[in-house]
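Chemist: Mind having a look at this structure? Questions to follow.
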Amino acid sequence: MQHDDVLLHSHEPNPIPPGPDTSLQVLSPQGTCFPYTVPQLRQLPAMVIDHCYIVSTGHGTSGPFCFQGPRLVTVAHACGITAFRCVTVVSGDGFGTRLQAEEARNSAAGQAVILALVQDGRLLTREAGLVRLIVPAERDDALKQVKWVARIKFEL
Ligand SMILES: Nc1nc2c(c(=O)[nH]1)N[C@H]1C(S)=C(S)[C@@H](COP(=O)(O)O)O[C@H]1N2
Ligand SMILES: [Mo]
């Protein structure tokens, strides 16, 4: 992430999955890279977040959905990352969002930020995002609900 272009979005959601590469990288504030595969993510303790909506300003709201997957902070801890100030999550199609630590750590009921692997009891299809950042507290937009997560960078 040399620049912030990934944080500038059009409001036209991309329905087409990026290339065939489904691998994921977690980057620590110290610059260590932890590669992850989807099956490895499935090994982490998961959380269920019910009553989620995807609020597209252009195409209307879909949901409610029940998403399931590890919390973003669980992924961080699995990589030995405990201290961070913000985290940038970027997809394979160059769509990204940045969360402050407080938002990423939200532990209020039903508000936990997760990397969803399952939607309504079924593994997320590649078309639906495969690995999708779910930020339940974002209710006015879907700019943080990043599909096809490819890179997660924690920064101090
Ligand atoms: N990777 C990626 N994630 C994305 C987008 C995108 O273009 N690429 N668009 C966002 C926007 S603007 C919307 S409205 C929703 C659409 O989600 P949906 O395809 O599940 O309806 O995805 C969000 N996440
Ligand atoms: Mo959107």
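Chemist: Select, from THR57, THR32, THR37, the only residue that is within 21 Å of PRO13 (Cα to Cα) and either in contact with a strand residue (DSSP E or B) (Cβ under 6 Å, 6 or more places away or on another chain) or open to solvent by 20 Å² or more (accessible area, probe 1.4 Å) (or both).
Modeler: Numbers: THR32 fails: within 21 Å of PRO13 (Cα to Cα); THR37 fails: within 21 Å of PRO13 (Cα to Cα).
Checking each option against the conditions leaves just THR57.
Chemist: Here's something else I'd like to know. Is there any pair linking a residue in the range 61-79 that is surrounded by fewer than 17 Cβ atoms within 10 Å (Cβ to Cβ) to one that is at pLDDT below 95, with Cβ under 8 Å and at least six apart or on different chains, and which?
Modeler: Short answer, once both residue conditions are applied: SER62/SER56.
Chemist: Got a sec? Which strands (runs of 3 or more DSSP E) wholly within the range 104-156 have at least 1 residues that are more than 16 Å from ligand 2 (Cβ to nearest atom), open to solvent by 10 Å² or more (accessible area, probe 1.4 Å) and modelled with pLDDT of 95 or more?
Modeler: On the way: elements: 114-116, 132-134, 149-155.
By residue number, 149-155.
Chemist: Something else about it: I want to confirm something. Restricting to the range 83-99 and keeping residues that are at pLDDT 95 or above and over 13 Å from the mean Cα position of the chain (by Cα), which single residue is most open to solvent (accessible area, probe 1.4 Å)?
Modeler: ARG85
Chemist: Also: Taking the condition of being out of contact with any His (no Cβ under 9 Å at 6 or more places or on another chain), at pLDDT below 95 and open to solvent by 60 Å² or more (accessible area, probe 1.4 Å), how many residues in the range 13-29 meet it?
Modeler: Counting residues in the range 13-29 that are out of contact with any His (no Cβ under 9 Å at 6 or more places or on another chain), at pLDDT below 95 and open to solvent by 60 Å² or more (accessible area, probe 1.4 Å) gives 4.
The values are calculated or read from the model by the stated rules, or taken from the named source; none is laboratory data. Predicted, not measured: the structure shown is a model, and the values here were computed from it. Cβ coordinates were reconstructed from backbone atoms using ideal geometry, including for glycine residues, and neighbour counts include every protein chain displayed. Quick note on the areas: whole protein, heavy atoms, side chains included, nothing else; ligands and nucleic acids left out. Shrake-Rupley method; radii C 1.70, N 1.55, O 1.52, S 1.80 Å.
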